[in-house]
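First the structure, in the form of C-alpha coordinates, and then the observations on it.
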Amino acid sequence: MKNIIVLIVCLSALSTRAQSSLEVTVLNVKDTTGTIRVGVFKDEATFMKDALIGKVVKAEKGEVKVVFDGVPDGTYAVSIIHDENKNGEIDSNMIGIPREGFGFSNDAMGMFGPPSFEKSAFSLKKEMRKMKVTMRYM
(Lines give C-alpha, C1' and ligand atoms only; values in the text may rest on other atoms or scores of the structure.)
Protein backbone atom coordinates (compact mmCIF):
# COMPACT_ATOMS: atom_id res chain seq x y z
CA MET A 1 0.00 0.00 0.00
CA LYS A 2 2.85 2.36 0.88
CA ASN A 3 4.44 1.78 -2.56
CA ILE A 4 1.15 2.66 -4.31
CA ILE A 5 0.93 5.97 -2.42
CA VAL A 6 4.53 6.83 -3.31
CA LEU A 7 3.83 5.97 -6.97
CA ILE A 8 0.71 8.20 -7.05
CA VAL A 9 2.62 11.12 -5.50
CA CYS A 10 5.47 10.72 -8.02
CA LEU A 11 3.11 10.54 -11.02
CA SER A 12 1.22 13.57 -9.77
CA ALA A 13 4.46 15.55 -9.45
CA LEU A 14 5.52 14.57 -12.98
CA SER A 15 2.21 15.62 -14.53
CA THR A 16 2.30 18.97 -12.70
CA ARG A 17 5.76 19.77 -14.10
CA ALA A 18 4.51 19.34 -17.67
CA GLN A 19 1.96 22.13 -17.36
CA SER A 20 2.23 25.90 -17.50
CA SER A 21 0.12 29.01 -17.29
CA LEU A 22 -0.56 31.44 -20.10
CA GLU A 23 -1.57 35.06 -19.50
CA VAL A 24 -2.92 36.88 -22.55
CA THR A 25 -3.31 40.65 -22.33
CA VAL A 26 -5.61 41.93 -25.07
CA LEU A 27 -4.76 45.53 -26.00
CA ASN A 28 -6.73 48.16 -27.93
CA VAL A 29 -10.25 46.89 -27.11
CA LYS A 30 -12.42 49.68 -28.55
CA ASP A 31 -15.36 49.52 -26.11
CA THR A 32 -17.35 47.49 -23.57
CA THR A 33 -19.83 46.05 -26.06
CA GLY A 34 -20.09 42.24 -26.08
CA THR A 35 -17.37 39.78 -25.15
CA ILE A 36 -13.75 38.92 -25.84
CA ARG A 37 -13.30 35.30 -27.02
CA VAL A 38 -9.80 33.83 -26.64
CA GLY A 39 -8.91 30.43 -28.14
CA VAL A 40 -5.69 28.46 -27.72
CA PHE A 41 -4.91 26.12 -30.62
CA LYS A 42 -2.41 23.25 -30.67
CA ASP A 43 -1.61 22.81 -34.37
CA GLU A 44 -2.29 23.88 -37.97
CA ALA A 45 -5.07 21.29 -38.39
CA THR A 46 -7.13 22.74 -35.53
CA PHE A 47 -6.14 26.42 -35.89
CA MET A 48 -9.23 28.65 -36.11
CA LYS A 49 -11.48 25.54 -36.06
CA ASP A 50 -11.24 23.63 -32.78
CA ALA A 51 -9.59 25.32 -29.81
CA LEU A 52 -7.80 23.15 -27.25
CA ILE A 53 -9.05 25.57 -24.60
CA GLY A 54 -10.90 28.84 -24.71
CA LYS A 55 -12.42 31.53 -22.54
CA VAL A 56 -15.07 34.17 -23.03
CA VAL A 57 -14.84 37.32 -20.89
CA LYS A 58 -16.67 40.62 -20.75
CA ALA A 59 -15.21 43.28 -23.05
CA GLU A 60 -13.51 46.19 -21.27
CA LYS A 61 -12.38 49.31 -23.10
CA GLY A 62 -8.61 49.39 -23.48
CA GLU A 63 -7.22 46.19 -21.99
CA VAL A 64 -8.46 42.74 -20.94
CA LYS A 65 -6.41 39.98 -19.27
CA VAL A 66 -7.24 36.30 -19.66
CA VAL A 67 -5.32 33.56 -17.80
CA PHE A 68 -5.21 29.87 -18.68
CA ASP A 69 -3.82 27.60 -15.94
CA GLY A 70 -2.73 23.99 -16.39
CA VAL A 71 -1.89 24.20 -20.08
CA PRO A 72 0.33 21.27 -21.15
CA ASP A 73 3.77 22.40 -22.31
CA GLY A 74 3.98 22.64 -26.09
CA THR A 75 3.60 24.87 -29.13
CA TYR A 76 0.40 26.89 -29.49
CA ALA A 77 -1.23 29.81 -31.29
CA VAL A 78 -3.86 32.19 -29.88
CA SER A 79 -6.81 33.73 -31.72
CA ILE A 80 -8.94 36.52 -30.25
CA ILE A 81 -12.30 37.93 -31.35
CA HIS A 82 -14.17 40.94 -30.00
CA ASP A 83 -17.64 39.39 -30.32
CA GLU A 84 -19.62 42.61 -30.09
CA ASN A 85 -23.03 41.02 -30.73
CA LYS A 86 -22.30 37.84 -28.70
CA ASN A 87 -23.19 35.46 -31.54
CA GLY A 88 -20.10 33.27 -31.02
CA GLU A 89 -18.38 34.11 -34.30
CA ILE A 90 -16.60 36.91 -36.09
CA ASP A 91 -18.95 38.81 -38.38
CA SER A 92 -17.74 39.95 -41.78
CA ASN A 93 -19.07 41.92 -44.73
CA MET A 94 -19.97 40.55 -48.19
CA ILE A 95 -16.34 40.26 -49.27
CA GLY A 96 -15.11 38.70 -46.03
CA ILE A 97 -13.61 41.72 -44.24
CA PRO A 98 -14.21 41.38 -40.48
CA ARG A 99 -16.72 43.78 -38.92
CA GLU A 100 -15.55 42.89 -35.41
CA GLY A 101 -12.12 43.13 -33.81
CA PHE A 102 -9.59 40.31 -34.02
CA GLY A 103 -6.04 39.48 -33.02
CA PHE A 104 -3.48 36.67 -33.04
CA SER A 105 -0.46 35.70 -30.97
CA ASN A 106 2.76 37.39 -32.13
CA ASP A 107 0.41 40.09 -33.53
CA ALA A 108 0.59 37.99 -36.71
CA MET A 109 -1.40 39.04 -39.78
CA GLY A 110 -2.27 37.16 -42.95
CA MET A 111 -2.34 38.63 -46.45
CA PHE A 112 -5.92 37.69 -47.34
CA GLY A 113 -7.43 36.16 -44.22
CA PRO A 114 -6.01 34.92 -40.94
CA PRO A 115 -2.30 34.22 -40.51
CA SER A 116 -0.96 30.67 -40.54
CA PHE A 117 -0.50 28.68 -37.36
CA GLU A 118 3.25 28.93 -37.94
CA LYS A 119 3.23 32.77 -37.94
CA SER A 120 1.17 32.82 -34.74
CA ALA A 121 2.95 29.95 -32.95
CA PHE A 122 4.83 30.25 -29.67
CA SER A 123 6.38 27.81 -27.22
CA LEU A 124 4.98 27.31 -23.71
CA LYS A 125 7.26 25.63 -21.19
CA LYS A 126 7.48 25.20 -17.42
CA GLU A 127 6.09 28.47 -16.10
CA MET A 128 3.87 31.49 -16.68
CA ARG A 129 4.10 32.88 -20.18
CA LYS A 130 2.82 36.41 -20.63
CA MET A 131 1.91 37.81 -24.01
CA LYS A 132 0.24 40.88 -25.40
CA VAL A 133 -2.03 40.80 -28.43
CA THR A 134 -3.29 43.97 -30.13
CA MET A 135 -6.88 43.95 -31.34
CA ARG A 136 -7.39 45.16 -34.90
CA TYR A 137 -10.57 46.69 -36.24
CA MET A 138 -11.11 47.13 -39.99
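Observations
- Apart from one condition, Val57 fits all of (1) over 25 Å from Ala45 (Cβ atoms); (2) assigned to a loop (DSSP other than H, G, I, E, B); the exception is (2).
- Cross-chain or 6+ apart pairs with Cβ under 7 Å, the range 95-111 first and part of a loop (DSSP other than H, G, I, E, B), then basic (Lys, Arg) and surrounded by fewer than 19 Cβ atoms within 10 Å (Cβ to Cβ): Gly101/Lys30; Gly101/Arg136; Ala108/Lys119
- Within the range 95-130, the residues that satisfy the criterion of being at negative phi and of a type in the set (Asp, Glu) are Glu100, Glu118, Glu127.
- One residue from Lys55, Lys30, Lys61 being loosely packed, with under 14 Cβ neighbours inside 10 Å and under 21 Å from Gly101 (Cα atoms): Lys61
- All positions within the range 36-54 that are in contact with a Lys or Arg (Cβ under 6 Å, 6 or more places away or on another chain) and assigned to a strand (DSSP E or B): Val38
- Taken over the range 111-131, the criterion of being surrounded by fewer than 14 Cβ atoms within 10 Å (Cβ to Cβ), more than 19 Å from Thr25 (Cβ to Cβ) and modelled with pLDDT of 95 or more is satisfied by Glu118 alone.
- Tabulated pairs, the range 113-135, first in contact (Cβ under 8 Å) with a residue 60 or more places away in the chain, second loosely packed, with under 11 Cβ neighbours inside 10 Å and not in a strand (DSSP E or B), C-beta under 8 angstrom, 6+ apart or interchain: Lys126/Arg17
- Cβ-Cβ distances below 8 Å connect the following pairs, each with a first residue in the range 70-87 that is under 16 Å from Ser116 (Cα atoms), a second residue that is loosely packed, with under 13 Cβ neighbours inside 10 Å and not aromatic (Phe, Trp, Tyr), and a separation of six or more residues or different chains: Thr75/Ser123.
- Check on Phe68, part of a loop (DSSP other than H, G, I, E, B), surrounded by 17 or more Cβ atoms within 10 Å (Cβ to Cβ), modelled with pLDDT of 95 or more and in contact with a strand residue (DSSP E or B) (Cβ under 9 Å, 6 or more places away or on another chain): no
- Any chance Ala108 is within 18 Å of the chain's Cα centre (by Cα) and farther than 23 Å from Thr32 by Cβ: yes
- Some residue of the range 77-86 being of a type in the set (D, E, K, R), within 14 Å of the chain's Cα centre (by Cα) and not in a loop (DSSP other than H, G, I, E, B): no
The values are calculated or read from the model by the stated rules, or taken from the named source; none is laboratory data. These numbers were taken from a predicted model, which means no experiment stands behind them. Backbone-built Cβ (ideal geometry, glycine too); neighbour counts: all protein chains shown.
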